[in-house]
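First the structure, in the form of structure tokens, and then the observations on it.
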There are 2 protein chains.
Amino acid sequence: MKQKEFHNLLSVDEAKKRFYSNIFKNPKGTEKINIDDSIGRILSTDITAKQDVPPFARSQRDGYAVIASDTFQADEENPVKLKLMSENISAGNSPKTPLKKACALRIATGAPIPRGANAVVIVEYCNESKGFIEVQSGVHPNENIMHAGEDVMQGEVVFRQGMRMTSCDLGVLAAIGVTQVDVFSTPKVAVISTGNELTPPGNRLTGAKIYDVNSAMIVGACKEYGAKAEFLGIAKDNEKEIETLLKKALKYDAVIISGGTSAGAGDLCYRVVDEMLTPGILVHGVAVKPGKPVVLAAHKKKPVVVLPGFPTSCIVMFNLFVKSVILSMCGKKEDTSSKIKAKCAVRYSSYEGRHEFVLSNIVKSKDTYYAYPVPKTSGAVTSFSSADGYIEVPEDIDYIEKDEDVDIVLLSDEVTVPDIVFIGSQCMGSDAALTILSKKSYLSRVINVGSTGGILACQRGEADICGTHLIDAKSGVYNIGFMDKELMLIRGYRRKQGIMFRKGCQHKTLGDFLRDNKLRLINRNTGSGTRVLFDMLLEDLKYKSDRKNIKGYDVESKSHNAVACAIASKKADWGIGICSAAKMYNLEFIDLRDEEYDFCIPKSRFKKESVREFISVLKSDEFKKSIEALVGFVVSDDIGEVIYG
Amino acid sequence: MKQKEFHNLLSVDEAKKRFYSNIFKNPKGTEKINIDDSIGRILSTDITAKQDVPPFARSQRDGYAVIASDTFQADEENPVKLKLMSENISAGNSPKTPLKKACALRIATGAPIPRGANAVVIVEYCNESKGFIEVQSGVHPNENIMHAGEDVMQGEVVFRQGMRMTSCDLGVLAAIGVTQVDVFSTPKVAVISTGNELTPPGNRLTGAKIYDVNSAMIVGACKEYGAKAEFLGIAKDNEKEIETLLKKALKYDAVIISGGTSAGAGDLCYRVVDEMLTPGILVHGVAVKPGKPVVLAAHKKKPVVVLPGFPTSCIVMFNLFVKSVILSMCGKKEDTSSKIKAKCAVRYSSYEGRHEFVLSNIVKSKDTYYAYPVPKTSGAVTSFSSADGYIEVPEDIDYIEKDEDVDIVLLSDEVTVPDIVFIGSQCMGSDAALTILSKKSYLSRVINVGSTGGILACQRGEADICGTHLIDAKSGVYNIGFMDKELMLIRGYRRKQGIMFRKGCQHKTLGDFLRDNKLRLINRNTGSGTRVLFDMLLEDLKYKSDRKNIKGYDVESKSHNAVACAIASKKADWGIGICSAAKMYNLEFIDLRDEEYDFCIPKSRFKKESVREFISVLKSDEFKKSIEALVGFVVSDDIGEVIYG
């Protein structure tokens, strides 16, 4: 079978031009809805007031309706005395008696101005007694009166077609008595996934199957931007199934298919699309990374898009080509608030000659956002879950300088920048601290990369806090030796590290496990404190040269829990980790060493409010209690104190 | 009756402290929902992966599974030849045959790596023929392979409590097979309006009634921030009705009442609230402007708030005291994106000794936002409909300097900054241009203040475009004489101005109308081109000194339509305006003068994309046709050309 390749990669601009000029992007129609349901929707007609606001001249304050000229002489020394007429004009009641010369009528805020009156003296400037008031300050004509139609006049256009409704606007509509509005109707998008390997989440995975990730994400993104999206199902890689679903999908206003766009042997999707549609495929392949194999097509002006199967490529291409179509079909325009201005926190080298979209985290420091490119491959779902958005790097740009200004296109309108970025060694203790912090409404982002990676992240300013338990092999001292002058170290707690394994195994020492060829290890990732400890212990046991022979030594996992879980589910037989993880998975545990788990903080972050709150959590009784509840954890006396820097 | 006054006004901080320490702000509970419905919701538990992602080692590319060491010698000059085994491993299928030494197996992206293989050579680096492949580039072990759990490992915490779900996150959940999540449940808020004067929108207004504005706005704002809000109805100003609704409301998680907080005679609301609740009112009156009479109360830790009846005060106090409670009850935290950094575009003097919230428009110029305080009274609904947010001015600040940096708190998450701010004279012609522009997805904000106000707004940089028809009384020339060196003038069109009146009146000249004492005029606002023309005509007729005797001279309306509408509905008998407005309302029209309606643009905005687009709309055939369709409009030959500046 011949492999199809992408010979004619278009630039992003060319691709957009070819796609957008062949589809109908405008709203499909309009609908009448109650104003209660209209927030975020777009008006399809101008709204003209059929009603004056206010409908009559009304008092703006509590006080007395008067004839202004009666009060002109009044001041505190020489108050003017006016006869108080008997009627009280309250809001909601029409005045019955006209105001007479040299008289006053009690009037409340919002009440209609009686005939004869042309001003209101506020209550604070009057003394009332025995049927008279003394006015201590003169008023000019119209003072404290709002005239009929002064706010909105009948016939005025209050809102214009294309406006996006907010809750405040509902107030204006209510004021002119409007209860329903015409808005652009919601476009209906059909979503299809293709691929023999896909199983719907919720079903059990078997064999070579994986869960269908893209449909949930695409349906969610369509909804987020205002469309109704319906998932029509998964088509296997055969023409018949794709055809059947596509036929159904073409009844919708737009079609988004994912998967089936690579040049692989099983990928028929683009052929079916090209055969079934008129004019068919407009763009097949764009000179971008990630997302090169994207397909942009049209059927009688209806947009049909085949997004790449890799989730990262899928979501980036959605944002690049589909989002503006969805917004436009809703009558909306691309929102500028979906971009954030940031500084690139590290120097970033781009792929040569490729228009690149670099997924990035956003970290806020004072009033500036910093972008940290996410170092992940396009197959990873975690690369976009930990990313807030992407930086666009045009093909003629080779690199972004450190601190260069960049625009981050947010992947979702719901993105919120965390208050604390915690990068380092995974620990149930630090998890507990962050949980207490989250109850105080401090949002944290946790990236488990091990102690070494966490300290590097602090040095680069990427992390606010790093949890670390790195032993210095020579001195046996934890953590302090790895600090530098930009970092501080805060005392944490002690944890028991040891060997985890399933019940039934009779080994007693590390040597027993290493000598048993039948057993398979699950190792920790390079740079984690546990891995450093393990390698140090191997060296002590003279295992340095032949550690590659340890079965499973190359299989790395990123956390204590993951190690325990792998052993409990028999994917491996033993591993190194903390006692509490072993207990959680009902494993046996042989004690190897007590270690110090401390917190490294960049000096520049020490005064940050959320960081100070984290430290005060460390010192709190609530946290100490939750640490002592963990098996093998001991609170240090000086927890929360600065021990370095 | 004694008037109650506010003797002990608290500061905002004191009020917040007293209120928040006496209420329970946390979420009321949790619920399990489908991930499709979870966007924008807040996770109430951590989510741990029960599934490795990927679940097996898989190929990242289309190519050939190989043993890496078989390829080490390969380069373009010396390709390595490997025997191609017969099986094609496609995504979704488990490999049946293990890979043999010096062999290769065809493998697709996403397919499981066969036993024996430890790398994938991509298809682009291989030539396939006659049962063999030639590898032109060596691969190292694990190249193009993603190992089981490399992305997410079973046991890993993927999301943490407190996280706000985005569409991308749905992809991660799908990847680990999760279809439902636990989120904080949605708080239920009861909304009540009070006041004898209130009528629900949709009903007919009678007598001294006005529409209830606040309930629609409060219900909308609660929904916008994540709560369910239910409007329980309008209570008249009597204890019984307020009591009945409040009793019902106390079954909800929070209660928001509006109106009934002034010191007026009819306002019982705060007394009922204080009597019925435990502990009752915590704060009555805060030293702010607007919003002073706000009441903050609690019933057994449940928040109960009485917001002022004036809509502007109501929405500002909602933002100040209620919004964070709603967000917090949803498990959310105050969003930093609801603030925009801007420069104050004009010097603003604050009220002495009052903590002030200054409603402001936001105008974007290049990358900077400028805030323009909205000059409106607190009774006006248009003051917050045209405002995007407010600037907070603490009580010890007397003024904000021009160009001083300020934070604008947005009144709604849905706020979008318009592309074009059009301030000036209302005209159906400019309306038509903006409608064409809105179809091209340029959002405009139109503020009708008349020609003079529009030119001033251009000089202050507040407007992008001003529509103007100002005649210079001496020369008789329109518009040009009012320009300065910072402004440009673009040619528009000609309109017929004249007298509008209802059919049946036999008057023929302006003098006839002025002499008829039975007729009532509706005038235009000071500074509008029509008003300038009218006053000029009066002067010609020697009406200068006694124009105050013209019945209705002091009643001003803001647009041609409003004038026509007032005459058609018999609120007035005659007025000055353009012919097309008269025809729209089926009125008679006597021609007075042809005038020039042109467009003034600040030079600094001339290159702005949306402004250029506006000018190209002026020159378009579509626009010319829509102008010619208006009665009494004539397109100028040089429409769209610069005639000054």
query: Can you tell me which residues in segment A:54-70 are in contact with a helix residue (DSSP H, G or I) (Cβ under 9 Å, 6 or more places away or on another chain), assigned to a loop (DSSP other than H, G, I, E, B) and more than 9 Å from chain B (Cβ to nearest Cβ)?
result: none
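I'd like to check something: does segment B:151-167 contain any residue that is more than 12 Å from chain A (Cβ to nearest Cβ) and either modelled with pLDDT of 90 or more or surrounded by fewer than 21 Cβ atoms within 10 Å (Cβ to Cβ) (or both)? First the steps, then the outcome.
Here is the first cut: in segment B:151-167, the residues more than 12 Å from chain A (Cβ to nearest Cβ) are none.
No; the residues of segment B:151-167 include none that is more than 12 Å from chain A (Cβ to nearest Cβ) and either modelled with pLDDT of 90 or more or surrounded by fewer than 21 Cβ atoms within 10 Å (Cβ to Cβ) (or both).
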message: Can you find, within segment A:207-244, the residue that is modelled with the highest pLDDT among those that are open to solvent by 60 Å² or more (accessible area, probe 1.4 Å) and within 9 Å of chain B (Cβ to nearest Cβ)?
response: A:Phe231
- request: Residue by residue through segment A:596-611, note down the ones that are open to solvent by 20 Å² or more (accessible area, probe 1.4 Å) and either at pLDDT 95 or above or over 32 Å from the mean Cα position of the chain (by Cα) (or both).
  value: A:Glu596
- request: Tell me, please, whether a residue that is farther than 19 Å from A:Glu14 by Cβ, among the hydrophobic types (A, V, I, L, M, F, W, C) and away from chain B (no Cβ under 12 Å) can be found in segment A:310-319.
  value: no
message: As an exercise: evaluate B:Ser412 against (1) modelled with pLDDT under 90; (2) out of contact with any Cys (no Cβ under 8 Å at 6 or more places or on another chain); (3) open to solvent by less than 50 Å² (accessible area, probe 1.4 Å) and give the number of the one condition it does not meet.
response: (2)
- prompt: Just to be sure, is B:Pro187 open to solvent by 10 Å² or more (accessible area, probe 1.4 Å) and more than 25 Å from A:Asn196 (Cβ to Cβ)?
  reply: no
query: Conditions: (1) open to solvent by less than 10 Å² (accessible area, probe 1.4 Å); (2) in contact with a Pro (Cβ under 9 Å, 6 or more places away or on another chain); (3) within 7 Å of chain A (Cβ to nearest Cβ). B:Gly195 meets all but one. Number of the miss?
result: (2)
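Counting only residues that are in a loop (DSSP other than H, G, I, E, B) and open to solvent by 10 Å² or more (accessible area, probe 1.4 Å), which one in segment B:570-590 is modelled with the highest pLDDT?
The initial filter retains those residues of segment B:570-590 that are in a loop (DSSP other than H, G, I, E, B), namely B:570-573, B:585-587.
From what is left, the residues that are open to solvent by 10 Å² or more (accessible area, probe 1.4 Å) are B:570-571, B:573, B:585-586.
Working: B:Lys570: 85, B:Lys571: 80, B:Asp573: 95, B:Tyr585: 86, B:Asn586: 92.
Per the stated criteria, the residue is B:Asp573.
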- request: Being among the small types (Gly, Ala, Ser) and in contact with a Leu (Cβ under 8 Å, 6 or more places away or on another chain) is the filter; apply it to segment A:432-480 and report the residue that is nearest to B:Met163 (Cα to Cα).
  value: A:Ser444
task: Scan segment A:39-53 residue by residue and report those that are at the interface with another protein chain (Cβ under 8 Å from one of its Cβ atoms) and either crowded, with 24+ Cβ neighbours inside 10 Å or assigned to a strand (DSSP E or B) (or both).
output: A:Thr48, A:Val53
- line: Picked from segment B:60-117 (must be touching a Phe, Trp or Tyr at 6+ places or on another chain (Cβ under 7 Å) and surrounded by fewer than 22 Cβ atoms within 10 Å (Cβ to Cβ)), the residue nearest to B:Glu150 (Cα to Cα) is B:Leu84
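I'm checking my understanding of the structure. Among residues of segment B:441-468 that are assigned to a loop (DSSP other than H, G, I, E, B), surrounded by fewer than 24 Cβ atoms within 10 Å (Cβ to Cβ) and in contact (Cβ under 8 Å) with a residue 40 or more places away in the chain, which one is nearest to the chain's Cα centre (by Cα)?
So in segment B:441-468, the residues assigned to a loop (DSSP other than H, G, I, E, B) come out as B:441-443, B:449-450, B:460-464.
Now narrow it down to the ones that are surrounded by fewer than 24 Cβ atoms within 10 Å (Cβ to Cβ): B:441-443, B:449, B:460-462.
In the following step, the residues that additionally are in contact (Cβ under 8 Å) with a residue 40 or more places away in the chain were identified as B:442, B:449, B:460-462.
Numbers: B:Tyr442: 14, B:Val449: 22, B:Arg460: 23, B:Gly461: 21, B:Glu462: 18 Å.
Looking at the filtered set, the residue picked out is B:Tyr442.
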- prompt: Considering segment B:123-150 alone, what residues qualify as being in a loop (DSSP other than H, G, I, E, B), open to solvent by less than 20 Å² (accessible area, probe 1.4 Å) and farther than 17 Å from A:Lys558 by Cβ?
  reply: B:Val139
Among (1) more than 19 Å from the chain's Cα centre (by Cα); (2) modelled with pLDDT under 90 - the single one A:Ser328 does not satisfy: (2)
- prompt: Looking at this structure, is A:Val273 outside any helix (DSSP H, G or I) and more than 9 Å from chain B (Cβ to nearest Cβ)?
  reply: no
query: Yes or no: B:Asp13 assigned to a helix (DSSP H, G or I), exposed (fewer than 14 other Cβ atoms within 10 Å of the Cβ) and either away from chain A (no Cβ under 14 Å) or not hydroxyl-bearing (Ser, Thr, Tyr) (or both)?
result: yes
- prompt: Just one of the numbered conditions (1) open to solvent by less than 30 Å² (accessible area, probe 1.4 Å); (2) in contact with a helix residue (DSSP H, G or I) (Cβ under 8 Å, 6 or more places away or on another chain); (3) not hydrophobic (A, V, I, L, M, F, W, C) is not true of A:Lys247; which one?
  reply: (1)
- prompt: In the list B:Arg491, B:Arg495, which residue meets the criterion of being more than 14 Å from every other protein chain (Cβ to nearest Cβ), open to solvent by less than 10 Å² (accessible area, probe 1.4 Å), of a type in the set (D, E, K, R) and under 35 Å from the mean Cα position of the chain (by Cα)?
  reply: B:Arg495
message: Residues that are assigned by TED's automatic domain parsing to the domain that holds A:Ala473 and in a loop (DSSP other than H, G, I, E, B): does segment A:598-607 have at least one?
response: yes
Matching residues, segment B:402-440, being part of a strand (DSSP E or B) and at positive phi: B:Gly424
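Being touching a helix residue (DSSP H, G or I) at 6+ places or on another chain (Cβ under 9 Å) and at the interface with chain A (Cβ under 8 Å from one of its Cβ atoms) is the filter here; which residues of segment B:81-99 pass it?
Residues of segment B:81-99 touching a helix residue (DSSP H, G or I) at 6+ places or on another chain (Cβ under 9 Å): B:82.
None - no residue of segment B:81-99 is touching a helix residue (DSSP H, G or I) at 6+ places or on another chain (Cβ under 9 Å) and at the interface with chain A (Cβ under 8 Å from one of its Cβ atoms), so the list stays empty.
The values are calculated or read from the model by the stated rules, or taken from the named source; none is laboratory data. Small disclaimer: the values here were computed from a predicted structure and weren't measured. In this analysis, Cβ positions are derived from the backbone assuming ideal geometry, glycine residues included, and neighbour counts consider all displayed protein chains. In case anyone asks, the SASA skips ligands and DNA or RNA and just uses the protein heavy atoms, side chains included. Shrake-Rupley method; radii C 1.70, N 1.55, O 1.52, S 1.80 Å.
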